[in-house]
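Written below as structure tokens is the structure these notes are about.
The values are calculated or read from the model by the stated rules, or taken from the named source; none is laboratory data. A quick note: this is a predicted structure, and the numbers were derived from the prediction, not measured. So basically every Cβ, Gly included, is an ideal-geometry build from the backbone, and we count neighbours across all protein chains shown. Please note that ligands, DNA and RNA were not included when accessible areas were found on the heavy atoms of the full protein model with its side chains. Shrake-Rupley method; radii C 1.70, N 1.55, O 1.52, S 1.80 Å.
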Amino acid sequence: MGSFALVVLWILAFLATGLALAAGGARRGAWFLGMGVLLIVFSASESGWHGAVRSLWVLYAALLLVMTLPSLRRWTISNRLYRFYRASMPDISATERDALEAGTVWWDGELFSGAPDWQKLLDFPPARLSADEQVFLDGPTEQLCGMLDDHRICEVDKDLTPQTWRYLKEQGFFGMIIPKEYGGKGFSATGHASVVMKVATRSISAALTVMIPNSVGPGKLLLKYGTEEQKSFWLPRLARGEEIPCFALTGPEAGSDAGSIPDIGVVCRGEFHGKPDVLGIRLNFEKRYISMAPVATVLGLAFKLEDPEHLLGNRAHLGITLALVPAATHGVSSGTRHDQLHMAFMNGPLFGKDVFIPVDWIIGGPAMAGKGWRMLMESLTDGRAISIPALSTATAKLASRVTGAYARVRRQFKLPISRFEGIQEALARLAGNTYAMDAARLVTLAALDQGHKPAVVSAVVKYNLTARARQVMEDAMDVHGGAALAIGPRNPLGPYHSYPQMGITVEGHNILTRNLITFGQGAIRCHPYLLKELQAANDEDGPAARRDFDAAVIAHLGFVTRNKVRAFLHGLSGSVFATAPSCPAELRPYYQRLTRMSVAFAFTTDALLLSLRGELKRRERLSARMADILSQLYLASTALKHHHDQGNPHGDRPLVQWVCEDSLYRIQQSFDALFKNLPNRWLAFGLRAAVFPLGRPYRAPSDPLEHALAETLLKPGEERERLTAGMYLPKDRREKVRLLDDTLQLVVETRPLREKLRVAVRAKALHAKGGAQIDEAVEKGVLTAFEAESLKAAEALRSEAIKVDDFADLRHPTG
């Protein structure tokens, strides 16, 4: 063998060994052992390259010493990086630290790792209802839904009826999250969300009324932080509905930037209920967009606390503080309402002028003064991960069920409109988005019920499910056409037009959540090493901080190397060698492709953090695209998990395939946009080469797949029932949802009879039109009398199902 061939073979041997060790995530010891063995073999070969052998052994020895002797490594590598970190990275403020440390890391950490353990996800316990929760859902919740008339609530009364308010209080709807020892239901996150979702498929306004005291009311804060005296006094009253709570955070100058609350409380002494010299707080505040405020009897209030006389301690500026303030307290005013896009739930402003309260009204007592920001960060997870996803998924389930039925029974050009490809495209998105939303909702609830508080995941589901709810409503309205605009009892979608617009603005505006929070918090919180490095770099300089930084940064360098190699190898191989869990063969490629995109995401994250550092926070659109990649990884993961939890039903296979293909395509598009807009073009070229070495492989879901999804909504069956499970189904045919269901059933059953008519018409055996055609068909023996009656009944029901509302009291005065 020639000299050149030997050179090539040895280069390939070293390269292959390095790639194999990196791809396998080998530890440092395995690296040095593998390379050492290869060097021994190389040295023993009769190559004659003695100079090259000596040079390689010197390099090997130097690296071995540096990497195995911590003091030498710190002197040569990590101390230099440590100084660079301290000089270039911004300090972490107390509020930023609270936000970063709030909650826990769950599956989001696996996605950031680049090596998601799929079997671990599939083995995770699924969301389940307890016996008590199921009884409540089938009993009081079902009865509540039957009491609701959403058209009357939103368009006539602008409120729930007094009977409904009384029923909510008597049945404990406002105390679902309060433990039984305090008189509440003690429901899990899944139980709470299931009630909200079912009510929401009947009335968003009623669901918000049920949701708010359980999600953003002060009950959760009391449970975690309240004193025993506060819990014993307030929780039973809240559970019984004797007190209606609200939580007042947002104000004219503090929306998404809740940390800029201008409302001030000053620690002082004053008279309270006839008692002089009471240690308390004098408050002045202005709040708006406060749900339940017009009817609330007790306010959870967020404000900045000042202590100029040092009555509580040494600090003059204590920071954000939370307190419980009865609405009847002197100086508090409320009762007016905002009109939230014509939804009739209670929402309005609150004002406080020279309101004096005892310091004991601070949630948790005086010891919790100034700790409100951390309390808020830990409590926001519920609204983002439980309630808003429940409302969004309810919207999707209702829209899917009624729109699929409507498309099958509505005819244009002598055909059901469901036969047109444009309608099928919209129906496919409806079905696919509903499946994705329900999967993300249920898997996230399972994590909450197992004790996780995944702050990043809660941001992902909040902004993605509200955005998809908006797409769902656009598609539903496109299919219904003018029938979606005619507000009235015959239009079950009418009040739902407004919800998505509201959903994107609450619990953190979607722009903020997508552009800043999801990836910004996730990159630090979920990365296996970055937070440790930042904490060490922000600690007081000293031997301990440098040791901690050294351990984190060396592990981080190995992490980056492994992900770079694995991203490139998966790109070359199409991820066919990536591991996958036990699953149906058709789904195995999706697990492998998501692993490929996960490692590409992890490697790109490190590349961006290293190249842009603090500037990444200002480049919101780059951060947003990384947030979109993380979101799609999570949504596809949960779709696969949901399918597994349901027993891998074959009929649902097109749904999970659509979600995965849609997510992979969106991930690819986000990567492409990211690479096109990176300021460092050499970095962009290198990342594209590593992530897509053979070009962009993923395509949007195909037309045949989307046709299969549309069929899910166009006929009664197990797939349609699973997709819309958990929604309220009226029993009275006068209700439009029931009417459409019954009409769909009858239209499907009588399809063979209509086919007989069509064949006879084509054969010119029938000449009449409309109802007369059915009579002619009986006369000529095309249909039996029984078949004719069945077909007439179906047509009568179909005609009723496509009617819209009109109102005499809306007639023009001169008409």
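Points to keep in mind about this one:
Residues are listed down the side, and each one gets a yes or a no for (1) within 29 Å of Ala486 (Cα to Cα); (2) in contact with an Asp or Glu (Cβ under 9 Å, 6 or more places away or on another chain); (3) without any contact (Cβ under 8 Å) to a residue 40 or more places away in the chain:
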{"residue": "Arg758", "(1), (2), (3)": "no, no, yes"}
{"residue": "Arg762", "(1), (2), (3)": "no, no, yes"}
{"residue": "Leu766", "(1), (2), (3)": "no, yes, yes"}
{"residue": "Gln773", "(1), (2), (3)": "no, no, yes"}
{"residue": "Ser790", "(1), (2), (3)": "no, yes, no"}
{"residue": "Ala796", "(1), (2), (3)": "yes, no, yes"}
{"residue": "Ala801", "(1), (2), (3)": "yes, yes, no"}
{"residue": "Ala808", "(1), (2), (3)": "yes, no, yes"}
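- Search result, residues across segment 348-359 that are touching a helix residue (DSSP H, G or I) at 6+ places or on another chain (Cβ under 7 Å) and surrounded by fewer than 19 Cβ atoms within 10 Å (Cβ to Cβ): none
- Within segment 542-560, the set of residues being surrounded by 14 or more Cβ atoms within 10 Å (Cβ to Cβ) and either touching a Leu at 6+ places or on another chain (Cβ under 7 Å) or in a loop (DSSP other than H, G, I, E, B) (or both) comprises just one member, Val553.
- Any hit, segment 374-386, residues being touching a helix residue (DSSP H, G or I) at 6+ places or on another chain (Cβ under 7 Å), charged (D, E, K, R) and under 30 Å from Asp662 (Cβ atoms): yes
- Segment 776-798, subset in a helix (DSSP H, G or I) and open to solvent by 60 Å² or more (accessible area, probe 1.4 Å), residue nearest to Arg734 (Cα to Cα): Ala796
- Members of segment 632-661 that are closer than 18 Å to Phe519 by Cα and out of contact with any Lys or Arg (no Cβ under 8 Å at 6 or more places or on another chain): Leu633, Tyr634, Leu635, Ala636, Ser637
- Filter result for Arg699 (farther than 21 Å from Met437 by Cβ, open to solvent by 50 Å² or more (accessible area, probe 1.4 Å) and touching a Phe, Trp or Tyr at 6+ places or on another chain (Cβ under 8 Å)): yes
- When the test is whether a residue is crowded, with 24+ Cβ neighbours inside 10 Å, at pLDDT below 95 and closer than 25 Å to Ser194 by Cβ, Ala436 does not pass it.
- Top-ranked residue in segment 108-143 [being farther than 30 Å from Ala607 by Cβ and not in a helix (DSSP H, G or I); ranked as most open to solvent (accessible area, probe 1.4 Å)]: Arg128
- Residue, surrounded by the fewest Cβ atoms within 10 Å (Cβ to Cβ), within segment 472-522, restricted to residues that are polar (S, T, N, Q) and touching a residue at least 24 places away in the same chain (Cβ under 8 Å): Gln501
- Listed conditions (1) free of Cβ contacts under 8 Å to residues at least 40 places away in the same chain; (2) at negative phi are all met by Leu427, apart from (1).
- The residues of segment 449-471 that are open to solvent by 20 Å² or more (accessible area, probe 1.4 Å) and closer than 21 Å to Phe187 by Cα, listed by number, are Asp449, Gln450, Gly451, His452, Lys453.
- One residue alone among Arg288, Arg282 is charged (D, E, K, R) and at pLDDT 95 or above, and that residue is Arg282.
- Within segment 148-171, residues that are assigned to a helix (DSSP H, G or I) have Cβ atoms under 7 Å from residues that are small (Gly, Ala, Ser) and surrounded by fewer than 17 Cβ atoms within 10 Å (Cβ to Cβ) in these pairs: His151/Gly488, counting only partners at least 6 apart in sequence or on another chain.
- Here segment 561-573 is the region considered, the condition is being out of contact with any Leu (no Cβ under 8 Å at 6 or more places or on another chain) and open to solvent by 40 Å² or more (accessible area, probe 1.4 Å), and the residue that is modelled with the highest pLDDT is Phe568.
- For segment 190-200, the count of residues that are of a type in the set (Lys, Arg) and outside any helix (DSSP H, G or I) is zero.
- Taking first residues from segment 733-746 that are touching a residue at least 24 places away in the same chain (Cβ under 8 Å) and partners that are among the charged types (D, E, K, R) and open to solvent by less than 20 Å² (accessible area, probe 1.4 Å), the Cβ contacts under 9 Å between residues at least 6 apart in sequence or on separate chains come to Val737/Arg401; Leu740/Arg401; Asp741/Arg401.
- Residues in segment 574-618 that are of a type in the set (Lys, Arg) and part of a helix (DSSP H, G or I) were compared, and the one that is surrounded by the fewest Cβ atoms within 10 Å (Cβ to Cβ) is Lys617.
- Residue match in segment 317-339 (condition: free of Cβ contacts under 8 Å to residues at least 12 places away in the same chain, in a loop (DSSP other than H, G, I, E, B) and either open to solvent by less than 40 Å² (accessible area, probe 1.4 Å) or on the phi > 0 side of the Ramachandran plot (or both)): no
- Scanning segment 278-304 for residues that are of a type in the set (Phe, Trp, Tyr) and open to solvent by 10 Å² or more (accessible area, probe 1.4 Å) returns Phe285, Tyr289.
- Residue in segment 166-182 that is open to solvent by less than 30 Å² (accessible area, probe 1.4 Å) and over 29 Å from the mean Cα position of the chain (by Cα) present: yes
- Residue count for segment 226-271 under the criterion of being crowded, with 16+ Cβ neighbours inside 10 Å, in contact (Cβ under 8 Å) with a residue 24 or more places away in the chain and part of a strand (DSSP E or B): the result is 10.
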